[in-house]
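One structure below.
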Amino acid sequence: MSVILCFGDSNTHGTPPMRTVGEYARFGADVRWPSRMARALGWELVEEGLPGRTAHIADPVMGAHMDGCEGLKIALQSHGPIDWLVIMLGTNDAKARFGASAEAITGGIAALLDIAQSPEMQTRHGKFRVLLICPPPAMEGVGPIADQFYGAHHRGLELPGLYKHLAQARGVAFLDAGQVIAVSPQDGVHFDAPSHAALAKAVADALRAEV
């Protein structure tokens, strides 16, 4: 049985669209896209979704542990061996407080691929492949955390082309989630249950095409 590690933020964790600041909720395994995808493929799943995680930025508000580079090292050294790594990050990197351009966000993804494709990690796991997913752009001006995502929509629109070119350069599989789903208008960031279902199918289909 193949083993797949899904590494991401709150939308990999399964956070529903928020109604108030600070609330914590999580969709069940019957809704979350990673678990639905793994069931469709009949694969073993390792879920590594952390709300607030960035690709490579130590968040001064939420904490240095939000830096995905450190998190990915820990995940790859904690689990395994794996056959596939799925990375979906970039939404939180587009927060206003970081001032990161789309190119800088893509650079953070490149840093994650450096870690994943390093001889150390590939040897540890007996080699594994990577699927890079570009998240759909945030929607501005809606929901309880709208102030954090000023300017994020524009940056998000630039990411698919940059991620795709990076994936091609690094020889990894690619999926543009924005062609399949959109964020919920309730908070402008998270996925609703139907979107989780649609993304699960798209990811499973993309992985089947690569096997």
### Task
Might you work out the accessible area of Thr123 for me, using a 1.4 Å probe with all protein chains in place, and round it to the nearest 10 Å²?
110 Å²
### Message
Quick check: the distance between the Cα centres of region 3-69 and region 173-197, to the nearest angstrom?
### Response
13 Å
### Message
Rg and Dmax in Å for region 115-211, alpha carbons only: what are they?
### Response
15.7, 46
### Query
Taking the alpha carbon gyration tensor of the chain, what are the square roots of 5 times its eigenvalues, largest first, to the nearest whole Å?
25, 19, 16
### Task
May I ask you to give the percent of accessible area on region 101-160 that is carbon plus sulfur, with a probe radius of 1.4 Å?
58 percent
### Message
Just to be sure I understand the model, the point goes 7 Å from the Cα along the line to the Cβ. What's the resulting Ser78 to Ala146 distance in nm?
### Response
3.5 nm
### Message
Looking at the calculated P(r) for region 1-43, what percent of the C-alpha pair distances fall above 11 Å?
### Response
67 percent
### Message
From the convex hull of the Cα coordinates of region 1-125, what is the mean projected area in square nanometres?
### Response
8.1 nm²
### Query
How much net charge surrounds His196 when only the other residues with a Cβ under 11 Å from the Cβ of His196 are counted, with Lys and Arg +1 and Asp and Glu -1?
+1
#### Entry: Residue-normalised accessible area of the chain, given per residue in Å² at a 1.4 Å probe
42 Å²
### Query
Relative contact order for the chain using alpha-carbon pairs under 8 Å, separation at least 6, rounded to a whole percent?
25 percent
### Query
What figure in square angstrom, to the nearest 10, would you give for the accessible area of Ile74 with a 1.4 Å probe?
110 Å²
### Query
What nm distance separates the two modelled labels at Ala25 and Glu120, each placed 7 Å from Cα along Cα→Cβ?
4.0 nm
## Note on the structure
Restricted to the chain, the DSSP antiparallel beta bridge percent, nearest 5, is 5 percent
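The values are calculated or read from the model by the stated rules, or taken from the named source; none is laboratory data. Since the model is a prediction, treat every value here as computed from it, not as a measurement. We place every Cβ from the backbone using ideal geometry, glycine too, and count neighbours over all the protein chains shown. Each accessible area value is taken on the protein alone, full model and side chains, heavy atoms only, with ligands, DNA and RNA left out. Shrake-Rupley method; radii C 1.70, N 1.55, O 1.52, S 1.80 Å.
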